[in-house]
Amino acid sequence: MQFGPGFLPTFLYYFTGATIIFTLLAVKGLGLGLDTGIPTQLGIVSGLIAGGVGTYLNQTTTFSIQFRDRKKFLKELEASLNELGYGQTLEVDGIQIYERSSVRKVLSGRIYIQLEGTQVTIAGRAASMRRLQKALG
């Protein structure tokens, strides 16, 4: 199950955006020309930091869990998702899609759940996946 961007596209997104922004801010804010190389260096260092943090929090990650009692597990999963503020919005091709309400969904993204026999595969933003894994034990 592949949803959303993985490590490289997420890193490049944040790295490129931050590098351009910080380079331009250094040129305008510090009054240095691009020919000195300092704005470019500041931009690259800032881009690497932003790329690392952005990737850590926002890349799409996936994990799977084996379970024995389907009904009990689904009840526990639903309770954990509700506790984190997620509710099921729709189901497409056997994949349940959960998201938060209103403005919070923009910052947290969706969680995708696919049940296959006695295994569930869950995908979403890395920060959300870490919280859900912790809630599920």
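Tabulated data
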quantity: Flag for residue 35 being more than 25 Å from residue 129 (Cα to Cα) and modelled with pLDDT under 95; calculated: yes
quantity: Residue satisfying all of: in segment 95-133; of a type in the set (D, E, K, R) and open to solvent by less than 50 Å² (accessible area, probe 1.4 Å); nearest to residue 73 (Cα to Cα) among these; calculated: 99
quantity: Answer from 23, 62, 16 - the residue that is touching a helix residue (DSSP H, G or I) at 6+ places or on another chain (Cβ under 6 Å), surrounded by 13 or more Cβ atoms within 10 Å (Cβ to Cβ) and not hydrophobic (A, V, I, L, M, F, W, C); calculated: 23
quantity: Whichever residue in segment 37-59 is of a type in the set (A, V, I, L, M, F, W, C) and over 24 Å from residue 111 (Cβ atoms) and, among such residues, is least open to solvent (accessible area, probe 1.4 Å); calculated: 50
quantity: Cβ-Cβ under 6 Å pairs, at least 6 apart or on other chains, segment 2-26 side over 23 Å from residue 37 (Cβ atoms), far side open to solvent by 40 Å² or more (accessible area, probe 1.4 Å) and among the hydroxyl-bearing types (Ser, Thr, Tyr); calculated: 3/112
quantity: Residue list for segment 83-94, restricted to those being in contact (Cβ under 8 Å) with a residue 40 or more places away in the chain and either loosely packed, with under 14 Cβ neighbours inside 10 Å or among the acidic types (Asp, Glu) (or both); calculated: 83
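Every residue, every condition in (1) in contact with a strand residue (DSSP E or B) (Cβ under 8 Å, 6 or more places away or on another chain); (2) closer than 30 Å to residue 25 by Cβ, yes or no:
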site	(1), (2)
42	no, yes
49	no, yes
59	yes, yes
72	no, no
113	yes, no
117	no, no
121	yes, no
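The values are calculated or read from the model by the stated rules, or taken from the named source; none is laboratory data. Just so it is clear, the model here is predicted, and its values are computed rather than measured. Glycine also receives a Cβ, built like all others from the backbone with ideal geometry; neighbour counts cover every protein chain displayed. Side chains included, ligands, DNA and RNA excluded: accessible areas come from the protein's heavy atoms. Shrake-Rupley method; radii C 1.70, N 1.55, O 1.52, S 1.80 Å.
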